[in-house]
1. Please report, ordered by residue number, the helices (runs of 4 or more DSSP H) entirely within the range A:151-263 with at least 2 residues that are facing chain B (nearest Cβ under 7 Å).
2. Let me confirm something: among A:ALA78, A:ALA47, A:ALA33, A:ALA61, which residue is among the aliphatic types (A, V, I, L, M) and open to solvent by less than 40 Å² (accessible area, probe 1.4 Å)?
3. Hey, among B:VAL10, B:VAL38, which residue is more than 21 Å from the chain's Cα centre (by Cα), of a type in the set (A, V, I, L, M) and surrounded by 14 or more Cβ atoms within 10 Å (Cβ to Cβ)?
4. When you go through B:LEU252, B:LEU233, B:LEU204 one by one, which is the residue that is closer than 16 Å to A:ALA173 by Cβ, open to solvent by less than 30 Å² (accessible area, probe 1.4 Å), among the hydrophobic types (A, V, I, L, M, F, W, C) and modelled with pLDDT of 95 or more?
5. Return only the number of the condition from (1) open to solvent by 20 Å² or more (accessible area, probe 1.4 Å); (2) of a type in the set (Ser, Thr, Tyr); (3) in contact (Cβ under 8 Å) with a residue 12 or more places away in the chain; (4) in a helix (DSSP H, G or I) that B:THR93 does not satisfy.
6. Cβ contacts < 9 Å: first residue at positive phi, restricted to the range A:182-207; second residue among the small types (Gly, Ala, Ser), any location; separation 6+ or different chain. Result?
7. Does A:ASN266 qualify as being more than 8 Å from chain B (Cβ to nearest Cβ) and either surrounded by fewer than 17 Cβ atoms within 10 Å (Cβ to Cβ) or among the charged types (D, E, K, R) (or both)?
8. Just checking, how many residues over the range B:99-126 are buried (at least 17 other Cβ atoms within 10 Å of the Cβ), farther than 30 Å from A:ASN206 by Cα and touching a Gly at 6+ places or on another chain (Cβ under 8 Å)?
There are 2 protein chains.
Amino acid sequence: MGSLGTPIAVNLKESGHDLYVYNRTVSKTASLAAKGAVVCNSIASLAKECTVVFTIVSDDAALKSICEGDQGLLKNLAAGSTHVSMSTILPQTAKDLAVLHEQYQLHYLAAPVFGRPEAAAARKLNFVMSGQQPARKQAEPLLKDAGGAGVFDFGDNITAANTVKLCGNFLIASALEAIGESAALATRSGVDASDMWNMFSQTLFNTPLYQNYSNIILQQKFEPAAFTAKLGLKDMNLVLQQAAAAGQQMPLASLLKENMQQLVNNGQENIDWSAVSTAHQFSRVSN
Amino acid sequence: MGSLGTPIAVNLKESGHDLYVYNRTVSKTASLAAKGAVVCNSIASLAKECTVVFTIVSDDAALKSICEGDQGLLKNLAAGSTHVSMSTILPQTAKDLAVLHEQYQLHYLAAPVFGRPEAAAARKLNFVMSGQQPARKQAEPLLKDAGGAGVFDFGDNITAANTVKLCGNFLIASALEAIGESAALATRSGVDASDMWNMFSQTLFNTPLYQNYSNIILQQKFEPAAFTAKLGLKDMNLVLQQAAAAGQQMPLASLLKENMQQLVNNGQENIDWSAVSTAHQFSRVSN
């Protein structure tokens, strides 16, 4: 029930599904309860009520802890149930979890999501999914009900969807760095960076991604964060871990990771990750 | 009369203007002559016929040499004439040239251009312009006739338009590197990079820039080049020169410059600059 989980759960409820919710911090489920969702006091009790479970958590360790143990999903879901996993995690973690689920006669589907909280509320998310065919077939209409304007099927290979998600977050972070450096160069050269980005947003980079982030970066509106520098750093680390596993050098990803690390080192871990290109400026200010 | 100059000249002629053309290599003017343009055998003779001159050349030195000397534009244009300069050059060069033109009672307008040759032929170019107001007012309809779907006015500051152009080429090069690294990571991770980019091209990166370049990069169709690695290196050097002049660090621009340099060092200077992220792969192959 975080910033994405809440609007996704609302969408599912408003699409007419019976909804059971669980969050470690119970207060975060209050808005769902008000809409008629049943709040469960443990993962185990939720698992006993549901045949399809959606999870969205911040990292690989949190996802594993939800699955494992006597109170986890694996031991408490009925055989034949499906776990639709929306978190951004390592492809290898998805593979490991799929194997574990199979041992319990459960289905594990990788279904990470693209979109900020506003997009979730507007049902404009994009899901990428991979896993066994019956689970994909079962999940597709549910992911649309969850707010997916697009549900993109990457086939049987369980690692595919999380690989695509890591590539996507790398691409977005690359755009943030590029926007930031271009805006800084323009400003320092005596050009109004807003005029410049007004032009680019209508021409070469005519997409909501560049339009929204160039506004945030030019106005330096890094708080409240829709996606924090801390999470950005986590994702760049996942990208580089996957690159190392795949034997691929990614110099731009390395640069982005360094800059995200610098932001976090500067105590800016809770501002929006779009501040990435300012990491060294913050550093200069604070030293 | 290069790959952009030719379709721009065709557009001007087909818009009904009297057109005089000059190119160092005369054979490149043949297609224009066939359309009714008058081919001049020197810059001086062209300058004596025209009150508005458009130039588009590959670098700062070539542009200066067109302007200077007994046979150059400065000494041969009639007072009150306008020079519309479309080349990608250093902002400081534009400033120096504007001062020189003023000494000869000539107007210098910075009007660099965004778009590949296909876009020029389709009249879908975007011009950015800066310089004195009368010259901007005079040039705007002419730039539309030259194929400008958009003509963006950056005001009096003569250095503004070339700064914006350098920022734009930096942004495009950043996208090329990001596309290339993402495609390599996907492929090495067992994901079909075409499927992945088919998705990104419909969603987060739904623009012709990403659609066209992801196709070129995935198919490794780096020849024939629409814009060469050699020109890409030239532009990244201009970006870093401007950054140094403005006192701005640009770590991503530095990375792009290194990769462009590597391509050129590998003897790949005439392939398309979109090969930028493969620079180190080529290097491995050839060593």
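The values are calculated or read from the model by the stated rules, or taken from the named source; none is laboratory data. The model shown is predicted, which means the values in this text are computed figures rather than measured ones. We place every Cβ from the backbone using ideal geometry, glycine too, and count neighbours over all the protein chains shown. What goes into the accessible areas is simple: the full protein's heavy atoms, side chains included, and nothing from ligands, DNA or RNA. Shrake-Rupley method; radii C 1.70, N 1.55, O 1.52, S 1.80 Å.
1. Working: elements: A:160-188, A:193-202, A:208-218, A:229-246.
The qualifying helices (runs of 4 or more DSSP H) are A:160-188, A:193-202, A:229-246.
2. On the way: A:ALA78 fails: open to solvent by less than 40 Å² (accessible area, probe 1.4 Å); A:ALA33 fails: open to solvent by less than 40 Å² (accessible area, probe 1.4 Å); A:ALA61 fails: open to solvent by less than 40 Å² (accessible area, probe 1.4 Å).
The unique qualifying residue is A:ALA47.
3. Values: B:VAL10 fails: more than 21 Å from the chain's Cα centre (by Cα).
None of the other options fit; the residue is B:VAL38.
4. Values: B:LEU233 fails: closer than 16 Å to A:ALA173 by Cβ; B:LEU204 fails: open to solvent by less than 30 Å² (accessible area, probe 1.4 Å).
None of the other options fit; the residue is B:LEU252.
5. Just one mismatch for B:THR93, condition (1).
6. Within 9 Å, the pairs are A:GLY190/B:ALA160; A:GLY190/B:ALA246.
7. On the way: more than 8 Å from chain B (Cβ to nearest Cβ): yes; either surrounded by fewer than 17 Cβ atoms within 10 Å (Cβ to Cβ) or among the charged types (D, E, K, R) (or both): no.
So A:ASN266 fails the test.
8. 3
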